[in-house]
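Written below as structure tokens is the structure these notes are about.
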Amino acid sequence: MKLSDELPVDHRLAAVYRIGAGLCGAILLVFGILGFTNQLGFFDTSGTHVAGLSTNGLLSLISVVVGLVLIAGAVIGGNVASMVNMTVGSLFILSGFVHIFILDKGANVLDFGMSNVIFSFVMGLLILTFGMYGRVSGGLPHDNPYWRSRHPEQAAREDRARRGAAAGEPPRLTGGAGARPVTRETGPRLPGA
């Protein structure tokens, strides 16, 4: 069973993935386009700033491409948007760590400054959070498709109980001798009750 088959098309998580990918993609796209409008050299490392971040033609191109990838993920939606968000967010965080070590070195071909490193961390965490929303947590609701795929036996029991209740079947007894039915009015039987 593939997890992508378990996520309904209209599940509320899909909207979070789409909004996150679209919003962050638009920010990167605008930053990249602003870099191109300044006619920056492709490998220029003279410290030209756009929107408070140092940039060059190569960084502008990467920003436009990554922004378009995020927007494409938002258009597709669902698990694709989630996976794109998690991948791009992880790459942003990795880029922040790499560029901390090469800020004042010749290997800094993207002309990163400390503000770029901070932006990379913040944007990476934001994109990653949008991608992981509803997928990684200890308190996922039981209708969450990711919870259901991790707990298939319990999900099947809950589905059977829900179908039985909808069909008007009497509630099944829980526990051993002297057990009483669990209903909305009575709730589960507590020990010693």
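Any read-out appearing in this document is the output of simple, stated calculations on the displayed coordinates, not a laboratory observation. The model shown is predicted, which means the values in this text are computed figures rather than measured ones. Note that each Cβ is placed from the backbone with ideal geometry, even for glycine, and that neighbours are counted across all protein chains shown.
Structure values in brief
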| quantity | calculated |
| --- | --- |
| Amide proton proximity set for residue 54, modelled H, under 5 Å, gap of 5+ | 113, 116 |
| Extension gain, residue 44 back to residue 104 (0.36 nm per residue minus Cα-Cα distance, nm) | 20.2 nm |
| Mean projection area, nm², convex hull over Cα of segment 63-154 | 7.3 |
| Packing-based order for 89-101, 69-81, using average beta carbon neighbours within 10 Å, highest first | 69-81, 89-101 |
| Cα-projected label distance for residue 156 with residue 51, points at 7 Å along beta-carbon direction, nm | 5.0 |
| Stretchable slack from residue 133 to residue 37, in nm (0.36 nm times residue separation minus alpha-carbon distance) | 31.1 nm |
| Gain upon complete extension [residue 26, residue 65; 0.36 nm per residue less C-alpha separation] | 12.9 nm |
